[in-house]
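These notes are about the structure you will find just below.
The values are calculated or read from the model by the stated rules, or taken from the named source; none is laboratory data. These numbers were taken from a predicted model, which means no experiment stands behind them. No Cβ is skipped: glycine too gets one built from the backbone with ideal geometry, and neighbour counts run over all protein chains shown.
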Amino acid sequence: MHSKTIRFDNIVVAITNGGSQVGKQLALDLASRGASVVVQDDKKHTADAIVDEIRRGSGSATACLSPARDGHKVVEEAIRAFGAIHVLINNMSIDPCASKKFGEISDKEWDIFTEEHIYGTYKSSRAAWPYFKKQKLGRIIHLVPTTALSGHPTHAVSPVVEFGMIGFTETLAKEGLKNNILCNLIMAPSTFAPEVLMGTVALAGLLSHPSSRTSNALFEADRNSISRLSWERSKPHGLKTDSNLSVSAVLQTWPNVGDFANSDTHPDGPWDAMELLEKSKHLPANSPGENMDFKAKVAVVTGAGNGLGQQYALLLARMGAKVVVNDLADPQKTVDMIKAAGGQAIADRHSVEEGDKIIQTALDAYGGIHILINNAGILRDKSFQAMTDDMWRIIQAVHLRGTYKTARAAWPHFVRQKYGRIVNTTSVSGIYGNFGQSNYATAKCGTIGLSCVLAREGLEHNIRVNTIGPSAGTQLTRTVMPEEMVQALKPDYVAPFTLALLSDRLPGSSTNGLYEIGSGFIAVDRLRRAALETIPSRQAISAESLKASAQWSRLNSADITASQTSSNGALLPAPLSARKDETIKYQYSTKDVILYNLGIGAQATDGQWVFEGSRSFEALPTFGVIPYYDPSVATMMADMLPNFSMKRVLHGEQYLEIRKFPIPVSGNLITYPAVSEIVDKGKAAVVVTTFRTVDSSTQEDVFYNEQTIFVNGSGGFGGSRTSRDRGPATAPNKVPSRAPDAVKTEKVSERAAALYRLSGDLNPLHIDPDTAKGGGFDKPILHGLCSFGISAKHIYTTYGPFRNIKARFSSVTLPGQTLKTSMWKEGRTVIFTTSIVETGQVVLSAAAVELLGGTARM
């Protein structure tokens, strides 16, 4: 155990939503290091309990009972109680309304959630800023849940907040650097298990310390792993900027869009528009492509009185669409231009804050709505020190709430007709942050999060949603750009790309994309893990152990993105890439638990496992491998690997972490799958897929799985040759050179495979003799995870509950054979092997569990 040498003596820390589990753990840890802590929570008993616990440990703390939306009051309390403020941790907890679908969210719920988290975070940061600036010292940490990475459709608002905080973090980091005000963001697991939050607490402590020099960094933290996230931009794809730059020309070359294989760009700002414009002049003439149109489509374009919006409206009308031209100032000019050219259009003067009225204009005039381009916007740029509440609010209202309002009004019509196309507008300021635009960057990056939600929820309804960050000369940019640049960035060079995203001829599903467009070029942006490091330790991770680790040096390296990109061919698929990343839903009852328990050998006499009325009824620990099973997950690998075939897939290793005790015996769960690593073994590939399973209503973590798959014939793609250390998930677990401390045997029922498959894995290899023979087996084989479960049951009945289990599948088991589990207890770790008594063949190796604690059941 590391001593706490990283001290916070004479440092005042304020933590918003301090009553949450992560807020509490941070408060206790920082107070134990000498910090004076302000715990904000509007529940008096919760805040007081944490303060009392700190004081009992001789620490210094006070409670702030104001609601999170009054963020300035936590700073006022710090000044009142301790006379200073040095560290501000804005902790964003999940509100129940965040777990609703977009089609279910009300305006009131949207407003409450964004007011608490976006406005409240602005208020606390704005209140602390003058103190930080005056003393030339300030640390701001934004803590958000990891739902930003999944962007799943059961969260209507939280990804909006989380992405908004990315833009806010990036801007504050850029503005604050010269005054030693550092700002970082951490995505933390939504869990009530303190041990899972150890990585978050350690990382936040390290980044909060006055000695830290890390700023403008995005991290994802888990129990013993920390990722550094970075924006990645594909190679810009360009077309010649002439009169033949059309929607059809763009679609003709669309397969060239999103080339990441030939790009190592990890930007922190916009591309060089003038350089790209010059390049476009030397490109070959555009191919006209097939004729296409938007006939029979009704389109709404906001902010269409001039600039980009006007160009969108004109081009849509020219291609046959009926257009609602929305603009608060003067939409009629654009309408007149459309009608003069023989098109159909109607003016609408409502503010985007009245999005329902804009959509109603389309319904009243044309009887429907098919296309929505959210383009309206204003600027209110000021340094953060000079930012006013009014400037902040109006930007959020127009850019973020306005986008929500129009999309929300159009949504039921899109769902009912099973068709809808939305393009939302962000900006490079939103993606990368920008001096003097904290309000704008927050709203524009929040729009990316909203698009994530809409794209995923809309997928099943044929609603496609994409986001663009245009570089174009407009009325807005004329206030901040020289005229030469404005002319070089003509809206004419953006509109064909934008309308291509609305076309039914766009290849594939083509939704949930984030695109930079300008000067005749288009590129895909995505948020990727530039590095992921596991701290291989069976002890609690701390700020000290993290700082001393080689992993932290790599994570904190200035050239991290370049070094990781060139050496690691296994970057995560981005949550913003234009692909269909499915969530896996699982609803279960006590019957499903009983069926699983029977499948791994529970007997009729085992009342605690087979009778739901038993007072001790429970799910056996390895039930955690069931909720994530979905054969469609294989499509993620098929998209990434050459020569992929399910016939050549072998299950290599399994790691399961139980994150909620006791395991619920019924419920609704959602699993978020992600390919975390692909290793090139020459003739084969090794694919590691992670599965985070949460309670669908509370978003509390329940299980976490890592599945390692060996794919023959899919190697040789030039990826990394070595796998990274992932702690317990990759531990070698060498067997001690002594006799086992415990041994259990169990004869596997002849019908075990037939029974186990009813829990979800219906692979005919385990039931059909012909399929088994085709796979090289004399008879159907037992599921590897069934052997895994039987072995886990042996350990559970011998040593008690465990928090995680890992095993390598070394051979197969046949129904009717006898399994022997040999166990060696090493502290809280139980190393084990499983073999077949009749043959001596080892079926599970490199295996271990980490005990939860308590008395062994010997």
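Take ASP761 and tell me if it is closer than 29 Å to ALA684 by Cα and not in a helix (DSSP H, G or I).
yes
Quick test for you: out of SER215, SER280, pick the one residue that is farther than 30 Å from LYS547 by Cβ and of a type in the set (Ser, Thr, Tyr).
SER280
Go through region 401-422 and count every residue that is of a type in the set (A, V, I, L, M) and surrounded by fewer than 24 Cβ atoms within 10 Å (Cβ to Cβ).
2
I need the full set of residues from region 583-628 which are part of a helix (DSSP H, G or I) and within 30 Å of the chain's Cα centre (by Cα), in order please.
ASP592, VAL593, PRO621, THR622, PHE623, GLY624, VAL625
How many of the residues making up region 1-39 are at positive phi and either acidic (Asp, Glu) or surrounded by 21 or more Cβ atoms within 10 Å (Cβ to Cβ) (or both)?
Final tally of qualifying residues: 1.
Test ASP9 against the stated conditions and say whether it is in a loop (DSSP other than H, G, I, E, B), in contact with a Pro (Cβ under 8 Å, 6 or more places away or on another chain), touching a residue at least 24 places away in the same chain (Cβ under 8 Å) and charged (D, E, K, R).
No.
Just the residues that are farther than 30 Å from GLY430 by Cβ and without any contact (Cβ under 8 Å) to a residue 12 or more places away in the chain, please, taken from region 270-293.
Once the filter is applied, which keeps residues that are farther than 30 Å from GLY430 by Cβ and without any contact (Cβ under 8 Å) to a residue 12 or more places away in the chain, region 270-293 yields only HIS282.
Helices (runs of 4 or more DSSP H) wholly in region 192-295 with at least 3 residues that are more than 29 Å from the chain's Cα centre (by Cα), aliphatic (A, V, I, L, M) and over 19 Å from ILE89 (Cα atoms) - which ones?
Filter on region 192-295 gives 247-252, 273-280.
Identify, by number, the condition in (1) in contact with a Phe, Trp or Tyr (Cβ under 9 Å, 6 or more places away or on another chain); (2) closer than 25 Å to VAL702 by Cα; (3) not aromatic (Phe, Trp, Tyr) that THR829 doesn't meet.
Failing condition for THR829: (1).
Report yes if PRO575 is buried (at least 23 other Cβ atoms within 10 Å of the Cβ), modelled with pLDDT under 85 and over 30 Å from GLY289 (Cβ atoms), otherwise no.
Judged against the criteria, PRO575 is a match.
For LYS444, work out the one condition from (1) more than 18 Å from PRO159 (Cα to Cα); (2) touching a residue at least 40 places away in the same chain (Cβ under 8 Å); (3) assigned to a helix (DSSP H, G or I) it doesn't fulfil.
Failing condition for LYS444: (1).
Please go through (1) surrounded by fewer than 16 Cβ atoms within 10 Å (Cβ to Cβ); (2) farther than 25 Å from THR797 by Cα for PHE691 and return the number of the only condition it doesn't satisfy.
Condition not satisfied by PHE691: (1).
Would you point out the residue of region 251-261, among those that are in contact with a strand residue (DSSP E or B) (Cβ under 8 Å, 6 or more places away or on another chain) and touching a residue at least 40 places away in the same chain (Cβ under 8 Å), that is surrounded by the fewest Cβ atoms within 10 Å (Cβ to Cβ)?
Per the stated criteria, the residue is PHE260.
Which of the helices (runs of 4 or more DSSP H) contained wholly in region 311-429 include at least 3 residues that are closer than 25 Å to PRO159 by Cβ and assigned by the TED database to the domain that holds LEU502?
In region 311-429, the matching helices (runs of 4 or more DSSP H) lie at 355-366, 389-395, 402-417.
Which residue, of THR833, THR797, is surrounded by fewer than 20 Cβ atoms within 10 Å (Cβ to Cβ) and either assigned by the TED database to the domain that holds SER737 or at negative phi (or both)?
THR797
Could you say which residue among GLN841, GLN817 is modelled with pLDDT of 95 or more, farther than 18 Å from GLU750 by Cα and in the same structural domain as ILE790 (by the TED database)?
When all the criteria are applied, what remains is GLN841.
When residues of region 167-191 are filtered for being surrounded by fewer than 24 Cβ atoms within 10 Å (Cβ to Cβ) and part of a helix (DSSP H, G or I), how many remain?
7
Quick grid of which residues meet (1) at pLDDT 95 or above; (2) more than 31 Å from the chain's Cα centre (by Cα); (3) surrounded by 17 or more Cβ atoms within 10 Å (Cβ to Cβ); (4) of a type in the set (Phe, Trp, Tyr):
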{"residue": "GLN310", "(1), (2), (3), (4)": "yes, yes, yes, no"}
{"residue": "GLY320", "(1), (2), (3), (4)": "yes, yes, no, no"}
{"residue": "GLY343", "(1), (2), (3), (4)": "yes, yes, yes, no"}
{"residue": "ALA347", "(1), (2), (3), (4)": "yes, yes, yes, no"}
{"residue": "ASN375", "(1), (2), (3), (4)": "yes, no, yes, no"}
{"residue": "ASP381", "(1), (2), (3), (4)": "no, no, yes, no"}
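Looking at this structure, is THR813 in a loop (DSSP other than H, G, I, E, B) and surrounded by fewer than 19 Cβ atoms within 10 Å (Cβ to Cβ)?
no
For region 73-91, does any single residue satisfy the condition of being touching a Gly at 6+ places or on another chain (Cβ under 8 Å), surrounded by fewer than 23 Cβ atoms within 10 Å (Cβ to Cβ), in contact (Cβ under 8 Å) with a residue 24 or more places away in the chain and in a loop (DSSP other than H, G, I, E, B)?
no
What residue, among those in region 679-726 that are modelled with pLDDT under 80 and of a type in the set (Asp, Glu), is nearest to VAL22 (Cα to Cα)?
Checking each candidate, the answer is ASP725.
Mind listing just one residue for me: the one in region 21-38 that is in contact with a strand residue (DSSP E or B) (Cβ under 6 Å, 6 or more places away or on another chain) and not in a helix (DSSP H, G or I) and, of those, nearest to LEU206 (Cα to Cα)?
Residue satisfying both the conditions and the ranking: ALA35.
For (1) at pLDDT below 95; (2) assigned to a helix (DSSP H, G or I); (3) of a type in the set (Ser, Thr, Tyr), each residue gets a yes or a no:
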| position | (1), (2), (3) |
| --- | --- |
| ASP42 | yes, no, no |
| HIS45 | no, yes, no |
| VAL51 | no, yes, no |
| ARG55 | no, yes, no |
| ALA63 | no, no, no |
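Counting residues that are at pLDDT below 85, which helices (runs of 4 or more DSSP H) fully inside region 456-569 reach at least 2?
In region 456-569, 483-488, 550-555, 560-567 are the helices (runs of 4 or more DSSP H) which contain 2 or more residues that are at pLDDT below 85.
If I ask for residues that are in a loop (DSSP other than H, G, I, E, B) and under 17 Å from the mean Cα position of the chain (by Cα), which ones from region 669-697 would you list?
Residue satisfying the conditions is SER696 alone.
Answer yes or no as to whether TYR440 is more than 21 Å from the chain's Cα centre (by Cα) and under 19 Å from LEU172 (Cα atoms).
The answer is yes for TYR440.
Residue by residue through region 349-380, note down the ones that are under 15 Å from ALA329 (Cα atoms) and touching an Asp or Glu at 6+ places or on another chain (Cβ under 8 Å).
ARG349, ILE358, ALA376
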